[in-house]
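J.: Once you've had a glance at the structure underneath, I'll fire off some questions.
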Amino acid sequence: MKKNVDKLVSSIKKETEGVSDIIFRKKIIGKTKIYIIYNEPLTSSDKISSFVIKSLNKIARYKNKNLLETIENNITNFKVQRINTNDDLYFYLHFGYTIILIDGESEALCLETKADISRSISIPESENTYRGAKDAFVEEYQKNIGLIKKRIKSNKLNIKTFNKGKYTNTLIGVLSIKGLVSNDKLESVLNKIQNINENGIINSGIIKNLIEKENKSVFPTINTTERPDMVCYALLRGKIVIIIDNSPYALIIPSTLNEFFKTSEDSYGKSLNVSFTRFLKVISFFITLMTPGIYIALITYNQEILPTDLLVNFATQRDGVPFPAFVEALIMIMCFEILREGDLRIPSFSGSALSIVGALILGDAAVAAGIVSPVMIIIIAITAISALLFTEPEIIIGVRWWRLLFMIGASLMGLIGVVVIFIALIIHFTSLTSFGTPYLSPFSPYDPKDIKDSLFKASHKRRKK
Amino acid sequence: MKYIKIILFIFVLYTSTGCYNYRELNKIAIASAIAIDIDNEEIEVTSQILNTQKQSSDTNAQNSSTNFHTYTSKGKTIQEAARKIVLESPRRLYINDIDLLVISKEFIDKKGIDNILDFFLRDSESQKHFYVIVSKDCKAKEILTTTTPIETVNSQSIAHSLESTTKYYGRNVTNDFETLADNYLNKKRDIFIPSISIANESKKANNKKNIESTNATTGLKITEDFVFKNEKIIGVLNNQESVAASFIDNKIDHAVVTTKCDNKNYMSINITKSKTKLSTPKNKNQINIDVIFNANLYDINCEKNLSSIKVMKEIGKNFENYIEKNIKKTLNKTIKEYKTDIFGFEDFMYKNNTAFYKKNKNNWDNIFQKMKFKINVKLKSLEKGNIYKTVEREK
């Protein structure tokens, strides 16, 4: 850095020409010229006035030859740092620090004067539970780390930070617990993040797509959560967590299929009750995946499987429906997906209009008009409802492709088709890994320890064994 | 290469199975029963098609159509006749889900049952779990056209009637087609098939008016079992003998047995549990039939002191003897009179007394006639019910 402060300031001014909000304040202490530089929207004016300016005025009265040292020693600010390159200067400037340049010094001081411009901690919205902690991550990195550190008070909590993104300079923290985490996995995650070279990282989704093999599978291999307690459970199970500034969603690595059936509430329930819920979730995973396919297979190829009464019932309902069962199912599934997507985007005050249209027009009227059969409505309804049991949206969205495959298989070959697609699904699952962990673990490969908290949950005592 | 493997794999699955046949549900005529008659050397197939037309959504509206229709067509083979139904019906006949197969006695007398078995067994798609019944004193077609009360589809009415007869009456009438074919073709035993007839026959039988009165003028009734010798009907078993046959076959779930308690009056028990064990001593032409059963006393019309153990034992003995006598009678009738093996004793001896069977294999018919039976019926527990005495007003 240049020693002549005027020259330095003019070069900084030139460099930040387009940024209108950088304030340069000149001040003379003793006979030395100093500059106070800060980025107005990111800094708190209170902090600057009362902790920087006020202190400096006091310091002006001291008689010390080395001004840099005097300021560093006496300024009333909890975080003071010396910097000596222009790059550092710009970095801290854009992070909301106040820079003090002193004439004749090759080093500058930067002081923490960040403004609190994020929302306060609120209750989780996408992962609601009626028992369990009610705090959720926010868009502020420090707060998020705080929520985790509040729960894990240990020196072993290892946080490795990165600043990535050419323009955004986003803070990325990789958390793990020393001794629990597998070092190979941590190394590979750190390497992957190190190699990220993007213009900007706005949220955790970008990191997620960059570090997992994005389109190898429609199923997620990284879990996202907005609950600090889920993050802590994951850390204690030896997982790696990535927290990204400006993103209220943390990434949990690695995540197997089994992880998506768990909720934070599981630790509250008795293991027998939790087992029931788990079982229900696994069943509904297959229901949402396969019901339309199986139904199509049954009514277009394999009618002999149905009892006569049921067959007659179905046949009566199908009477007069002009489309083949596959097309009928496709229409209803598309309608449902459109409704669901609409429901996510629409502001909540017009949600009731959507539900009326959905329930009345697509359900009742479509049946009355003879476009779809009532059974099909039931099939699609159970398919849709079963999908709602999962908190991770990616898994429901991924299931849609396979549901479609099941339907196509069923419409080409009946139950044989369903079986073919099912085998394909199993092959797909077994070939999938999440950062080296097999996706079907602990079922395949069998893990006697983890299996106790999978399809069923064993009691706490048994899991300890 | 990976994709070629997957495609090959799917292709093999695709082609190596029988159940590949696309048919939309509203393009098929679902048959619930098939009746087979013979008419001037031509086979007449009647199929009962369930009405799958959408009913009016107004529940108060009177249903104008019946719940089923029947189509009849003739041909030289069953398949020809069955396919001819498309000439009348708008949809293709779908017989994979039938509940009932009715064969007329006339057909069996003339043609046997081989060709019927062939038709149904050859079809790779059809399920084989339907009941088989023989129509007595009427055409099989008439059975399927008779309307029945309570159950609106008469084939289901018959099927359910057969099921409850087996379960609560003790007659074993629910041999499904597969067991029947297995027993018949593998020569495990001679078969017997229950018969059905139209009670109070009148012209109204196939009319909806028949079931509009509270006491349906015409009804269907399960009557005696037809006993087969090879593929021909040789004789009948009446209700009592049919129950006794179930005892030998260990097929009793519940049954009501009635016998005399003194010279004039009767008493009944309801059998709640029964187990029959067949055994044969090595190298002897003998079969031991051991029946052990539990029962509830239901109905007793003569004065007896039921609190006395001795009396209860006596009553029990009465029933044991009665059942034993019936079993003996039934065995006599089938073996001595009809010379058939409806209980599969030949198969039983082959499995359990192999040496003896092999020695006498060539002369089996004679040996079989001389077979000895040692019947041992034992009432394990007899419950009195809620009251201890016979009902009688105090004097």
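The values are calculated or read from the model by the stated rules, or taken from the named source; none is laboratory data. Keep in mind it's a predicted model, so treat the numbers as computed, not measured. Positions of Cβ are generated from backbone atoms using ideal geometry, with glycine treated the same way; all protein chains shown enter the neighbour counts.
J.: Kindly check whether there is at least one residue in region A:388-408 that is within 14 Å of chain B (Cβ to nearest Cβ), under 14 Å from A:GLU328 (Cα atoms), touching a Ser or Thr at 6+ places or on another chain (Cβ under 9 Å) and assigned to a helix (DSSP H, G or I).
T.: no
J.: Are any residues in region B:86-104 away from every other protein chain (no Cβ under 14 Å) and surrounded by 21 or more Cβ atoms within 10 Å (Cβ to Cβ), and if so, which ones?
T.: Hits for region B:86-104 are B:VAL102, B:ILE103, B:SER104.
J.: Quick test of your reading of the structure: B:LEU297 fulfils all but one of (1) in contact with a Lys or Arg (Cβ under 9 Å, 6 or more places away or on another chain); (2) assigned to a helix (DSSP H, G or I). Name the failing condition by number.
T.: All conditions are met except number (2).
J.: Here's something else I'd like to know. Scanning region A:275-307 for residues that are surrounded by fewer than 21 Cβ atoms within 10 Å (Cβ to Cβ), under 31 Å from the mean Cα position of the chain (by Cα) and aliphatic (A, V, I, L, M), which turns out nearest to the other protein chains (Cβ to nearest Cβ)?
T.: Among residues in region A:275-307 that are surrounded by fewer than 21 Cβ atoms within 10 Å (Cβ to Cβ), under 31 Å from the mean Cα position of the chain (by Cα) and aliphatic (A, V, I, L, M), the one nearest to the other protein chains (Cβ to nearest Cβ) is A:ILE287.
J.: Would you pick out the residues in region A:116-136 that are of a type in the set (A, V, I, L, M, F, W, C) and either surrounded by fewer than 15 Cβ atoms within 10 Å (Cβ to Cβ) or closer than 18 Å to A:GLN81 by Cα (or both)?
T.: Residues satisfying the conditions are A:ILE117, A:ILE123.
J.: Here is a further query. Can you list the helices (runs of 4 or more DSSP H) found entirely within region A:168-241 that contain at least 1 residues being surrounded by fewer than 22 Cβ atoms within 10 Å (Cβ to Cβ) and of a type in the set (Ser, Thr, Tyr)?
T.: A:183-194, A:228-236
J.: Starting from region A:186-197, take each residue that is more than 16 Å from A:ASN163 (Cβ to Cβ) and list its partners that are at pLDDT below 90 and not in a loop (DSSP other than H, G, I, E, B), counting only C-beta distances under 8 angstrom and pairs at least six apart or across chains.
T.: A:VAL189/A:ILE211; A:VAL189/A:ILE253
J.: Quick test of your reading of the structure: A:VAL367 fulfils all but one of (1) facing chain B (nearest Cβ under 8 Å); (2) crowded, with 17+ Cβ neighbours inside 10 Å; (3) at pLDDT below 85. Name the failing condition by number.
T.: Unmet condition: (1).
J.: Hey, can you tell me all the residues within region A:231-246 that are farther than 14 Å from A:VAL174 by Cα and within 12 Å of the chain's Cα centre (by Cα)?
T.: Of everything in region A:231-246, just one residue is farther than 14 Å from A:VAL174 by Cα and within 12 Å of the chain's Cα centre (by Cα), namely A:ASN246.
J.: In region A:225-243, what residues are out of contact with any strand residue (DSSP E or B) (no Cβ under 6 Å at 6 or more places or on another chain) and under 21 Å from A:SER126 (Cβ atoms)?
T.: Result: A:GLU226, A:ARG227, A:PRO228, A:ASP229, A:MET230, A:CYS232, A:TYR233.
J.: Same structure again: Would you confirm whether or not region B:55-66 contains a residue that is under 29 Å from B:ALA159 (Cα atoms), modelled with pLDDT of 85 or more and within 13 Å of chain A (Cβ to nearest Cβ)?
T.: No.
J.: The conditions are (1) without any contact (Cβ under 8 Å) to a residue 40 or more places away in the chain; (2) touching a helix residue (DSSP H, G or I) at 6+ places or on another chain (Cβ under 6 Å); (3) exposed (fewer than 14 other Cβ atoms within 10 Å of the Cβ), and A:CYS110 fails exactly one of them. Which is it?
T.: A:CYS110 satisfies all of (1) without any contact (Cβ under 8 Å) to a residue 40 or more places away in the chain; (2) touching a helix residue (DSSP H, G or I) at 6+ places or on another chain (Cβ under 6 Å); (3) exposed (fewer than 14 other Cβ atoms within 10 Å of the Cβ) except (3).
Yes/no per residue for (1) within 30 Å of the chain's Cα centre (by Cα); (2) part of a loop (DSSP other than H, G, I, E, B):
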| residue | (1), (2) |
| --- | --- |
| A:ASN57 | no, no |
| A:LYS63 | no, yes |
| A:ASP87 | no, no |
| A:ILE100 | no, no |
| A:LEU109 | no, no |
| A:SER120 | yes, yes |
| A:ASN144 | yes, no |
| A:LYS160 | yes, no |
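J.: Only one of these conditions is not met by A:LEU425: (1) assigned to a helix (DSSP H, G or I); (2) touching a residue at least 12 places away in the same chain (Cβ under 8 Å); (3) over 28 Å from the mean Cα position of the chain (by Cα); (4) within 14 Å of chain B (Cβ to nearest Cβ). Which number is it?
T.: Every listed condition holds for A:LEU425 apart from (3).
J.: Further question: Take region A:406-424 and flag every residue that is surrounded by fewer than 17 Cβ atoms within 10 Å (Cβ to Cβ) and within 28 Å of A:TYR446 (Cα to Cα).
T.: Scanning region A:406-424 gives A:VAL419, A:ILE423.
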